[in-house]
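Read the figures in this text as sums done on the coordinates, not as results from a lab. Quantities reported herein were computed from a predicted structural model and do not represent experimental measurements. Methodologically, a virtual Cβ is constructed for each residue, glycine included, from the backbone with ideal geometry; neighbour enumeration extends over all protein chains shown.
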Amino acid sequence: MGIRVKILLGFFILAFMLFISGAISIFELTKLSKAVKMMINDSYRSIDYSKQMLDAIERQERLILFQLGNEQAENKVCFDNIAGEFKMNLDSARANLTFKDEVVLIDSIAINYTLFEISARNYLEGGHKQLSDYLNEVYPLMLVTSDQIKKLMVLNQRELYESAAFHESSAQRAIMPGLIVILTSLLFTFVFTYLIHHYFVSPIISLTKGINDYVKYRKPFKVTLETKDELWSLKESIFNLIDASKQE
Amino acid sequence: MRLYIVLRYIGLVLLLNAAFMFVAFLISAYNADSAMIPLLLSSILTALVGFFPLIFVAPTNDLSQKEGYVILVFSWLVVCLFGMLPYLLWGGEFTVVNSWFESVTGFTTTGSTILTNVEALPKGLLFWRSSTHWLGGIGIILFVLVIIPTLGKTRMFLSRLEMSPLAKTNFHYKSNKLLRVVIFVYLGLTLVETVLLYLFGMSLFDAVTHAFGTVATGGFSTKNDSIGHFNSLAIEIVVIVFMFLSGMHFGVLYNIFTFKRVKWYKSSVLKFYFFSILVGVLLITISVKGTNYQTWGESLRFSAFQLVSLASTTGFATADTTLWPPFSIMILLYFLFQCACAGSTAGGIKVDRMVIFFKSMRRQVKKLQHPQAVIPLRIDGNPIDEETVHSVLLFIVLYILILFVNGLLITTMGVDIMTAFSASAATISTAGPGFGVVGSESNFASIPDLGKLLLTFNMLLGRLEIFGLMLIFFVRSWR
């Protein structure tokens, strides 16, 4: 194999390794960035749905209290509209599950809200309304539901923090393949440099020294080369040249 | 020293490694598991680095002793270094130190692990893990020598360096025949054990990986509970038999398998190996009966498995020996020192040295009785020269010294005495499990990183028979 092919092969391998390193780094970082983005979006949406549900249930509570002092038909219509809003947010939260424990909490919210809704409707549609009835029958259910919604919010916030910490360590993992390939390339470069020096640079130095010794001191041209490549042909040519000059 | 020659042979070893990584990749691809990309990438990188010196450096037939040792030691180090790539790239529990530990413990056939959940690993990575045992068991250089047909004198020279100095004297073959014998026995044992394990209920994958672990006297299992997971007496008997056989001199096994007219059963080393294990098993059976196991059958079953496992330096387990009575633990500790025969895949002091040690002790007593007498030390009628006797005694002293110093260093890292010293003994003997926190049913995950690095040094010392690795530190002064 000639010098040109060997050197080209060396550089080709080096370039290939660097290409792998770059490709892996880009792939891993893109994957990580997508995962982080998705996680943030999902958690943000879940928190937002929880806020909307909390707001809806608080508005429903206010409507019940208004109804206690001043009974109006539109309050009931408004209650139904808010209930629709709440259920829509609940469905959206169910469709946007980010963590394993979320589904349990959402089911719990759905059950508690249904109980609250039934109780609140009975209260609104009932005849003589007493504050004590509200405090004993409707309010505890409202509290339990709000509590569950707050728990869902806290869970999403905590998981967001934990996921961020996990992705931070994943980032270190993501750069590992690239780092390994770079280190291997570095090792390869050392080997390549050493072999180039041994098989190409050293013979050139030996040839130069051999020619100089011949020209200056008329020492016989004796250079031994290990490989039969272009340098070996050069050595043979020099030898022939010296031989020819001697005969002249 | 011609560094380029060294690079060529290390390159060959790396190519062999890359081939096994590629097989692991194929298994991973077949199972579509998460180790596919790490194994492929590792295989490509290892192949590229291994292949490049081959296109530059022409093969040579004349290697100096110094070059031979440098090739041997650096092959082991480089192979362990590249062997950690699949682990490191896969991630999970594998940090840099953990990957290095798992790679070294695999290639040196120690079989200690840092994994708390082995079963969480994908199949491709499990196969690679067991392959490191199989490659390291026979000696990575020997494998290369068998694969490359045109090495001539170099083949003979390198194969002699790779083997235990005591094993060489027991092989009565020329180098080429010797290599064939070793490979024949190694492949034969692996194949027969795989078939038997498969017949007795293991899946083909488990049968192959456990056969790799047994024949190489490694001990990596694909299950968290090791062989105990299968809870099968037949499987345990097969593994016990093959652990015992793998601890025997391969030349002797070859003679047995090929029905040669050699009186192998008269070998004092073999007799010592067999009877010491027999006595050990009986003593432990008596010790654990009533305290750990209710019946004699159960006691014999578990004591035989654990003892043969440690005595052959394999390290498979079916019971937690940490819970056994102190007397049993002390017997097991003795076998952690003695280990198996030279010329096998086992590490440790080796039975051959123990026989010389006990015989030289007896001779010393005789010399005290008859100060003027010249008493040659003989094994099976063959005289052992004084240089061999001295080197054996020096080896044993050095072995215990290293074990003690490493144990001491590990205790400074907050590890308890039992764990530290048994971990040190288990790694230098390449047996695998120790006692305490690193018992047969647990792992080395809790050992501090610096301790893990020390233990990997121990493993390499044990695998290269101490002096092999130590020589490399004095390579500059070697003329």
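Of chain B, which part is the longest with no chymotrypsin sites (Phe, Trp or Tyr not before Pro) in a loop (DSSP not H, G, I, E, B) and with at most 10 other C-beta atoms within 10 angstrom? Don't jump to the answer; show the numbers that get you there.
On the way: sites that count: B:259, B:474.
Segment B:1-258 is the longest.
Using the average count of surrounding beta-carbon atoms within 10 Å as a protection proxy, the listed peptides B:113-123, A:31-41 rank, highest first, as B:113-123, A:31-41. Relative to the dominant Cα principal axis of chain A, helix A:73-95 is inclined by about 30°. Highest mean packing first, where packing is the average number of other Cβ atoms within 10 Å per residue, the peptides A:5-11, A:146-152, B:35-41, B:345-351 line up as B:345-351, B:35-41, A:146-152, A:5-11. Under 11 Å from a label point 7 Å along Cα→Cβ of residue A:33: give me every residue in the stretch A:170-188 with its amide N that close. Inside the label zone: nothing. Cα centroids of the stretch A:188-229 and the stretch B:306-360: 56 Å apart.
Taken as entire DSSP H runs, the helices of chain B that both span 30 Å or more between Cα atoms along their own long axis and average -0.5 or more on the Kyte-Doolittle scale are B:3-31, B:36-56, B:175-199, B:386-411. Calculated [222 nm] ellipticity per residue, helices only, for chain B: -21500 deg cm²/dmol; basis is -39500 (n - 2.57) per DSSP H run with n ≥ 4, divided by all residues, nearest 500.
Residue-wise HN-Hα couplings along the stretch A:104-112, as the Karplus relation 6.51 cos²θ - 1.76 cosθ + 1.60 with θ = phi - 60° gives them from phi, are 5, 5, 5, 4, 5, 4, 4, 5, 5 Hz; Gly and Pro carry x.
Only the Cβ atoms of Lys and Arg (+1) and of Asp and Glu (-1) were treated as charged; on that basis the dipole of the stretch A:3-185 about its Cα centre amounts to roughly 1320 debye.
Of the residues A:164, A:144, A:53, the one whose Cα sits farthest toward the positive end of the charge dipole of chain A, with +1 on the Cβ of Lys and Arg and -1 on the Cβ of Asp and Glu, is A:164.
Once you sort the root eigenvalues of the Cα gyration tensor of the protein assembly as shown as a ≥ b ≥ c, which label holds: rounded (a/c under 1.5), prolate (a/b larger than b/c) or oblate (the other case)? The shape class here is oblate.
Note on the stretch A:191-247: with charges restricted to the Cβ of Lys and Arg (+1) and Asp and Glu (-1), its dipole about the Cα centre is near 340 debye. Straight-line reach from residue A:246: taking Cα to Cα under 28 Å and skipping same-chain neighbours fewer than 8 places apart, the lysines in range are A:209, A:216, A:219, A:222, A:228, A:235.
Taking amide H atoms as placed 1.01 Å from N in the peptide plane, the amide H of residue B:377 lies under 5 Å from those of B:384, each 5 or more residues away in sequence or on another chain.
For peptide B:50-56, the mean count of partner chain Cβ atoms within 10 Å of a residue's Cβ comes to 5. Relative contact order of chain B: 16 percent, from C-alpha pairs under 8 Å at least 6 residues apart in sequence.
In this label model, residue A:248 and residue A:136 are separated by 12.9 nm, measuring between points 7 Å along each Cα→Cβ vector. Cross-link pairs exceeding 29 Å between alpha carbons, from the set B:271/B:452; A:37/A:87; B:177/B:271; B:260/B:366; A:37/B:123; A:31/A:100: B:271/B:452; B:260/B:366; A:37/B:123.
Mean sequence separation of contacting Cα pairs (under 8 Å, at least six apart), scaled by the length of the stretch A:191-247, corresponds to a relative contact order of 29 percent. Need one word for chain B: rounded, prolate or oblate. Basis is the Cα gyration tensor (sqrt eigenvalues a ≥ b ≥ c); a/c below 1.5 gives rounded, then a/b vs b/c decides. Cα axes put chain B in the rounded bin. How would you classify the stretch A:3-185 from its alpha-carbon gyration tensor, with a ≥ b ≥ c the square roots of the eigenvalues: rounded for a/c under 1.5, else prolate if a/b is greater than b/c, otherwise oblate? Verdict is prolate for the stretch A:3-185. Using a Gaussian network model of chain A in which every pair of alpha carbons under 10 angstrom is joined by a spring, one finds that among A:123, A:113, A:194 the greatest mean-square fluctuation is at A:194. Ranked by how many other Cβ atoms sit within 10 Å of their own Cβ, fewest first, the residues B:84, B:330 fall in the order B:330, B:84. The H on the amide N of residue B:317, modeled in the peptide plane, is under 5 Å from the matching H of B:227, B:228, each at least 5 residues off or on a different chain. For the peptide B:89-97, the mean number of other protein chain Cβ atoms found within 10 angstrom of a residue's Cβ is 2. Summarising the label geometry, the points placed 7 Å from Cα in the beta-carbon direction at residue A:226 and residue B:387 lie 3.1 nm from one another.
Residues in the stretch A:54-60 carry Karplus couplings, in order, of 4, 4, 5, 5, 5, 5, 5 Hz; the curve used is 6.51 cos²θ - 1.76 cosθ + 1.60 with θ = phi - 60°, and Gly or Pro positions show x. Rounded to the nearest 20 debye, the dipole magnitude of the protein assembly as shown is 4580 debye, with +1 charges on Lys and Arg beta carbons, -1 on Asp and Glu beta carbons, and the Cα centre as origin.
Projecting the Cα atoms of A:227, A:215, A:244 onto the charge dipole of the stretch A:191-247, computed from C-beta unit charges around the Cα centre, puts A:215 farthest toward the positive end.
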